[in-house]
Amino acid sequence: MRVDPGLWRAVFERDRGICRYCGVDLLNSFSAYWSATVDHVHAVAAGGADTLENLVLSCPACNGMLCRSEALLSVEERRAFVAARRDAERNGYEEWVAELRGNFS
Ligand SMILES: [Zn+2]
């Protein structure tokens, strides 16, 4: 959901370019910056507002994981949900990347 560009920038600056859920630095590359999103902690569909207090900076992966998580109503609950999903889906990820990089070197 799009928010006012001034508000988006205020969220980005308050969170210093860091995804509030996984901690990735969205200023690490232009691609990361370009893909940055803001997440409504209380979903708009559930009455959440476009306010600085209800918005947090999020990378697209975390925002995507949270797209059907209207029941998680705090940053802490949402961060824990993302951490659990990432742990579950990381299964073998580091080894797979190492194998790919090895094959491409
Ligand atoms: Zn993230």
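Please treat every number below as a calculation from the coordinates, not as lab data. Being a predicted model, the structure only gives us computed values, none of them experimental. Because the Cβ atoms are built from the backbone with ideal geometry, glycine has one as well, and the counts that use them run over all protein chains shown.
What number goes with the only condition from (1) under 17 Å from Val3 (Cα atoms); (2) without any contact (Cβ under 8 Å) to a residue 40 or more places away in the chain that Val56 does not pass?
(2)
With the requirement that a residue be of a type in the set (Gly, Ala, Ser) and free of Cβ contacts under 8 Å to residues at least 24 places away in the same chain, what does segment 59-87 give you?
Gly64, Ser69, Ala71, Ala80, Ala84
When you look at Ala10, is it surrounded by 15 or more Cβ atoms within 10 Å (Cβ to Cβ) and among the small types (Gly, Ala, Ser), yes or no?
Judged against the criteria, Ala10 is a match.
Are there helices (runs of 4 or more DSSP H) fully within segment 26-105 with at least 1 residues that are hydrophobic (A, V, I, L, M, F, W, C), over 16 Å from Arg14 (Cβ atoms) and away from the ligand (no atom under 13 Å from the Cβ)? List them.
30-35, 75-89, 93-104
Does segment 7-25 hold any residues that are without any contact (Cβ under 8 Å) to a residue 12 or more places away in the chain, within 14 Å of the ligand (Cβ to nearest atom) and not in a loop (DSSP other than H, G, I, E, B), and which are they?
Asp25
Identify, please: which residue in segment 1-38 is within 14 Å of Pro60 (Cα to Cα) and among the charged types (D, E, K, R) and is, among those, nearest to the chain's Cα centre (by Cα)?
Arg20
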